[in-house]
Amino acid sequence: MLVNSTNEFLVEYNTLEENSRYKLTGFSGSAGEALVTPETIYLFVDGRYHIQADLEVDRNIVTVVKLQTGQKYLDELINKIPNDAVLGIFSKKNSQDKIEKLAQKRNLKLLDTDPFDNKYNLKRTDNIILDTKLTGKSTKEKISIITKNLEENEAIYVTDLDEVSYLFNMRNFSQNFSAKIKAKAIISKSEAIFFTQDKAEELTDYLKNTTYNIYTDKTSINAFEYNLLGTKAKELTHNPVKMMKAQKTPEELAHLKDAFRRTDIAVNAIRDFINNNENISEYDIATQLEKEFYNQGAKGLSFNSIVARNQNSALAHYSKSSKDEIVKNGDLVLIDCGAYFEGGLATDITRVFVKGEPHKKHKFIYTYVLKAFLHAFNYCKTHKKEKITGYEIDEYVREFFNSKDLDGFVFNHGLGHGIGINVHEYPPSLSSGEFAKVPLLDGECFSIEPGLYKNGEFGVRLENSCYYENGQIHSFVRMNYEKKLIDYDMLNDEEKEWLKEFEVK
């Protein structure tokens, strides 16, 4: 049996109350799935969660499968399933694309219900309609673009929540760490039919009985709904909504610049809070950080802030913010945070601070991570090419780290992810995945976040959210770097010149 972390909308950041994998294993990370076998429960996690998974699960019951860079999750999952076994799959919690890939390798049994699910009293919540001053395009304009090549008997079924929120210029801030609305839509040349979450039964009936030939993105439609469509389902090989959403309009870029300006102010305030207060915990810092965001007009956080002291900073996605972790002189504090403002586009930034004076190794690792960021950020300037891919930049940073003696510190996650209505958006991607081999396009927004981590010691990650325009990478983030954590003797003249673009204090 495959037990998922997602819900029926296949969202990345699912609530723990809707997360079946969490209920089964106790692992609270945002990504990772579990395979229940007669012998054990396998929990598959990527490099961000290797340490966290070990700490949270009962290892007498759960076997943690630690995926390394380059390993494909589905390949490793299939390897754990005997050839003659039948794999149970919850059809509402897995994409049609994933089901088809698994079906090529193993026998499947699709199940329409998940025993871990609770009965929810679904309530209609207020969705906010954005002004075109924030979006740049009206809903009518967006729909006309994606339907221009449709025939009268054809429609597109939009199931991805980010895409529905984008198309209809709507946001909802009622759920933690989200700005998206919970709805799906059928769009044809003559109509756009909108199904909110409380209309699940009406949607099921519509999909069964529609006369349209329905184009669907197999990576975002769940297998249950795909099977309802039967022969009426047509594969959407090029998703026009996904591509249009990725290339931000001038109005969206302007909003993001202002949102990151306010994010910088909040993070700078928390830097002062750490430096000017004694006996404060990770929890105190996270609580104050949230207040600082709301002081800047935030509608909500874009994800659960990471505030990690010393050894905890070696967990790339640590999210406990413990009251027992008290920051003392000489302690390193990693903060990864972001927020939603009125335009409903996520901000994301990571900075590392030190209380008092740093240790020599703190400066050594911090400076190498800073060097990696500077080279990635300036990659377009130093590699004058007509088209640049995220894959190339990620590969360059990995080669840079691999060429150094880093005393056991490792870089175990992708270099960067797209940013939009979801704090993780695709496209674009800066990673070692095949999907990162497409060229960056004007208006695409993404993070650059190299990091080095060593279990039992500490970790350093420095993340700026950026955008691509006219063949160059530009940074939304202006928040300073820590002068006392930089070993200037490790920087060459070119790197020192690059650093002048960013404040250091």
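The values are calculated or read from the model by the stated rules, or taken from the named source; none is laboratory data. As the structure is a prediction and not an experimental result, all values here were calculated from the model. Here Cβ is always computed from backbone atoms with ideal geometry, including for glycine, and neighbour counts include all displayed protein chains.
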For the condition without any contact (Cβ under 8 Å) to a residue 60 or more places away in the chain and either of a type in the set (Val, Ile, Thr) or touching a Pro at 6+ places or on another chain (Cβ under 9 Å) (or both), what is the one hit in 147, 159? 147
Residues located in segment 206-245, provided they are of a type in the set (Val, Ile, Thr) and surrounded by 20 or more Cβ atoms within 10 Å (Cβ to Cβ): 214, 216, 221, 241
Which of the residues spanning segment 93-115 are more than 22 Å from residue 220 (Cβ to Cβ) and at pLDDT below 95? 115
Give 269, 259 a once-over and let me know the one that is over 21 Å from the mean Cα position of the chain (by Cα) and assigned to a helix (DSSP H, G or I). 269
Options 148, 184, 142; residue that is out of contact with any Cys (no Cβ under 9 Å at 6 or more places or on another chain) and either within 22 Å of residue 339 (Cβ to Cβ) or exposed (fewer than 12 other Cβ atoms within 10 Å of the Cβ) (or both): 148
Need the failing condition index for residue 422 against (1) crowded, with 16+ Cβ neighbours inside 10 Å; (2) outside any loop (DSSP other than H, G, I, E, B), just the number. (2)
Could you go through segment 91-105 and let me know if any residue there is outside any loop (DSSP other than H, G, I, E, B) and in the same structural domain as residue 241 (by TED's automatic domain parsing). no
How many residues does segment 330-353 contain that are aromatic (Phe, Trp, Tyr) and part of a loop (DSSP other than H, G, I, E, B)? 1
Is there a residue being among the β-branched types (Val, Ile, Thr) and either under 27 Å from residue 243 (Cβ atoms) or under 18 Å from the mean Cα position of the chain (by Cα) (or both) anywhere in segment 364-386? no
Out of all the residues in segment 304-329, which are part of a loop (DSSP other than H, G, I, E, B), out of contact with any helix residue (DSSP H, G or I) (no Cβ under 8 Å at 6 or more places or on another chain), farther than 24 Å from residue 450 by Cβ and not acidic (Asp, Glu)? 328, 329
Spans of strands (runs of 3 or more DSSP E) in segment 1-67 with at least 1 residues in contact (Cβ under 8 Å) with a residue 40 or more places away in the chain and not small (Gly, Ala, Ser): 33-36
Go through segment 137-156 and report how many residues are closer than 22 Å to residue 211 by Cβ, in a loop (DSSP other than H, G, I, E, B) and not hydrophobic (A, V, I, L, M, F, W, C). 5
